[in-house]
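*Asks:* I'd like to ask some things about the structure below.
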Amino acid sequence: MLGGILREARKARKLTLRELAEEVGVTTGYLSHIENGRFEPSISVLRKLTEFLEIPANIALDMKKRKVKAVVVKKKERAKVHFSNLFGEAEVLTPFQWKGLIKPHMEAIELHVPGNSSLVKEPISVNTDEWIYIVEGAIEYRVGETCEVLKAGDSIYIPKMTGHQLRNVRDEPTTIVWLTHGGARS
């Protein structure tokens with residue numbers, strides 16, 4: 001189970017086994033054995049891996065517990081990611097990198113969208129329900145001929161496979177919380 005979490009975290013950062021092994025000072029083969037569950041890392045290697053991959057130590061150390069009732073993600077521990085189809089910087093609010101441990105059924109991100117720009121590079125249609133809350137600023141939601149401007153405090157629920165466009169209509173940055181359910185954003 002620990003190996004799966006380490007693998008997911010490494011892949012989420014788009015690192016090869018070799019790159020991560022060099023970073024923590026182990027061989028590629030040793031790291032491969034850890035990821036495949038054949039070896040357990042020493043405490044010093046585990047510490048280096050969790051620090052470099054930004055995995056909270058309590059997640060890695062509680063690996064032998066099959067049931068996890070709750071996972072706290074502290075603000076300073078949030079992963080910052082750039083999705084290939086989204087503009088702006090996103091912070092992952094849910095523990096997405098540790099799906100092998102807790103298998104969340106939802107993903108929440110806080111997205112900071114630059115002024116006068118689209119959230120997505122092209123119209124988006126995802127295989128999951130979506131819910132978006134406007135924390136600050138304004139977002140234009142467009143589907144076909146329909147257009148709605150959502151302001152701070154507004155939210156929108158979008159059923160899966162609804163092709164739509166989202167755009168920050170202000171000069172200033174806009175902040176949203178984007179929640180998906182039932183699958184991953186694509």
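*Asks:* When the residues of segment 1-34 are narrowed to those that are in a loop (DSSP other than H, G, I, E, B) and hydrophobic (A, V, I, L, M, F, W, C), which ends up nearest to the chain's Cα centre (by Cα)?
*Replies:* That would be Leu15.
*Asks:* Hey, can you tell me all the residues within segment 1-56 that are more than 20 Å from Glu91 (Cβ to Cβ) and of a type in the set (Gly, Ala, Ser)?
*Replies:* Across segment 1-56, the qualifying residues are Gly3, Gly4, Ala21, Gly25, Gly29, Ser32, Gly37, Ser42, Ser44.
*Asks:* Could you grab the pairs with beta carbons closer than 7 Å, sequence gap of 6+ or different chains, first residue in segment 1-30 and in contact (Cβ under 8 Å) with a residue 40 or more places away in the chain, second one outside any helix (DSSP H, G or I)?
*Replies:* Sorted first by the residue in segment 1-30, then by its partner, the pairs are Met1/Met63; Leu2/Met63; Ile5/Ile55; Ala9/Ile55.
*Asks:* Still on this model: Which residues, counting only those in segment 124-141, are closer than 11 Å to Ile158 by Cα and either in contact with a Phe, Trp or Tyr (Cβ under 8 Å, 6 or more places away or on another chain) or modelled with pLDDT of 85 or more (or both)?
*Replies:* Asp129, Glu130, Trp131, Ile132, Tyr141
The values are calculated or read from the model by the stated rules, or taken from the named source; none is laboratory data. Just so you know, these numbers come straight off a predicted model, no measurement behind them. Cβ sites come from the backbone with ideal geometry, for glycine too, and all protein chains shown count toward neighbours.
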